[in-house]
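First comes the structure, then the notes that go with it.
The values are calculated or read from the model by the stated rules, or taken from the named source; none is laboratory data. As the structure is a computational prediction, the values presented were derived from the model and not from experiment. Cβ placement follows ideal geometry from the backbone for every residue including glycine, while neighbour counts extend to all protein chains displayed. With ligands, DNA and RNA removed, areas are computed over all heavy atoms of the protein, side chains included. Shrake-Rupley method; radii C 1.70, N 1.55, O 1.52, S 1.80 Å.
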Amino acid sequence: MKDAKRLQSLMLGASLLMAGMPLAVLADNTGGPTVRQLNLHPPVTKIAEEIYSLHNLMLIICLVIFIAVFAVMFYSIIKHRKSLGHQAAKFHESTSVEIAWTVVPFLIVIGMALPATKTVVAMKDTSNADITIKATGMQWKWGYNYLAGEGEGINFLSNLSTPREQINNAEAKGEHYLMEVDNPVVVPVNKKIRIVLTANDVIHSWMIPSFGVKQDAIPGFVRDTWFKAEKIGTYRGQCVELCGKDHAFMPIVVNVVSDEDYKTWVDGKKKEMAANVDDPNKVWTIDELVQRGEKVYSSNCIACHQANGKGVPGSFAALDGSPIVLGPKKANIDIVLHGKGAMPAWQSVLSETEIAAVITYTRNHWSNKAAENIVQPADVLAAK
Ligand SMILES: [Cu+2]
């Protein structure tokens, strides 16, 4: 009885020590990994908090078992050693020992599983969300569609914004190296956000450590998860399923803002989208298309086909000198719209104008001079 009391206070002391320490160390960190980081990220959701205390609890239980088992073992070895003249007890089968070593681990496992199950069940409860956002994993970026709740209809692509010079060591690395994007997800604080996940090509995974959220995005399946951030700030994560060559280059950034800031962002984003809607019947000049196409190319195609249009031999086809790019425009439009093998389909990702622009660009850039050198949005619309 006395021993049990002592054990209890030991555990309490240890857990207090562990709970207080890491948060102070990581106080300035808002998501990305830090140099020599030792502990989990500071939690900003209830679930992340529960995961954190479960982690500490399990660690303490393991530590106590470790100490107890080794204490008994060393005590037995030393106390009963041969040099003391100890005689081995000669018995076979002991019902009481067998019951003890079955019941005690069983109780320990139950004691660990009960609180863990409670948290896992809460993690899966995506009902009654205030806002639903679809996140689509793509090689190598994330697409976001606000499906329901305030901001419904907003959609955008979120690309790595770290400059290539930093990646190639031509420039000093920035503060959020490889953990920054051009278009972060924005959500209001203290609202339940449901994230619906899928993927376009291979399996990706969406993770924000501070939210306690990690869910695979699987092509052809729809999975969901949720979070309710309780603190305004910028939180960062990464794709955590090895998804190919640029797996390290598809970070996730979520800005948690106040209700008013969220309203302002929604208004701004809607205006921006309205201004960007392209009329597919507009007739463009070749210069306009090439100019626009260059931007589309560098944010969507460059990872595979490369800046020099030579692709990666054996993996990604060259566009410079490609018979498809130089041939009739119909086949070129088809492959960009519908994809082929490892080449993604772009019809639901890019607008008709963007597709027409990027095709026109590839037909007139590098050494390419296609006979049918211009593709209009109307051509793309007709091919859909
Ligand atoms: Cu990925």
For this session: Note down the net charge around residue 188, summing +1 for each Lys or Arg and -1 for each Asp or Glu among other residues with Cβ under 14 Å from its Cβ.
Result: -1
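How high is the relative contact order of the chain, in percent, with contacts defined as C-alpha pairs under 8 Å that are six or more residues apart?
Computed over the chain, the figure is 13 percent.
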Exercise. Which of the aspartates and glutamates could be linked to residue 231 by a straight reach, that is with a Cα gap under 18 Å, when you skip same-chain ones fewer than 8 residues away?
Worked result: 28, 49, 50, 130, 259, 260, 261
For this session: Quote to one decimal, in nm, the extra length available between residue 315 and residue 242 on full extension: 0.36 nm per residue of separation minus the C-alpha distance between them.
Result: 24.6 nm
Exercise. Ignoring any ligand, DNA or RNA, what whole percent of the accessible area of the stretch 209-324 comes from carbon and sulfur when the probe is 1.4 angstrom?
Worked result: 55
Exercise. Lysines near residue 173 by alpha-carbon distance under 21 Å, same-chain residues fewer than 8 away left out - which ones?
Worked result: 141, 245
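Carbon and sulfur together cover what percent of the accessible area of the stretch 68-141 at a 1.4 Å probe radius?
For the stretch 68-141, the apolar C and S fraction of the accessible surface comes to 69 percent.
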Exercise. With point charges of +1 on the Cβ of Lys and Arg and -1 on the Cβ of Asp and Glu, referenced to the Cα centre of the stretch 286-383, which listed residue (380, 364, 313) lies farthest in the positive direction of the dipole?
Worked result: 313
Exercise. Out of 204, 181, 161, whose Cα points farthest toward the positive end of the dipole of the stretch 155-229 (charges: +1 Lys, Arg; -1 Asp, Glu; placed on Cβ)?
Worked result: 204
Exercise. ³J(HN,Hα) across the stretch 364-371 via Karplus (A = 6.51, B = -1.76, C = 1.60, θ = phi - 60°), whole Hz, x for Gly/Pro?
Worked result: 10, 9, 6, 8, 6, 9, 6, 5
Exercise. With every protein chain present, what is the per residue accessible area of the chain (1.4 Å probe, Å²)?
Worked result: 57
Problem set entry | Candidate lysines - alpha carbon under 22 Å from residue 369, same-chain residues fewer than 8 apart omitted | 295, 310, 329, 330
Exercise. Calculated from DSSP H runs of 4 or more alone, at -39500 (n - 2.57) each and per residue, what is the 222 nm mean residue ellipticity of the chain, nearest 500?
Worked result: -14000 deg cm²/dmol
Exercise. Which whole-Hz couplings ³J(HN,Hα) result when phi for each residue of the stretch 343-355 is put into the Karplus expression 6.51 cos²θ - 1.76 cosθ + 1.60, θ = phi - 60°, listed in order with x for Gly and Pro?
Worked result: 7, x, 7, 9, 4, 9, 9, 10, 6, 4, 5, 5, 5
For this session: Determine, from the Cβ-Cβ distance of residue 366 and residue 287 and an R0 of 22 Å, the FRET efficiency 1/(1 + (r/R0)^6), rounded to the nearest 0.05.
Result: 0.80
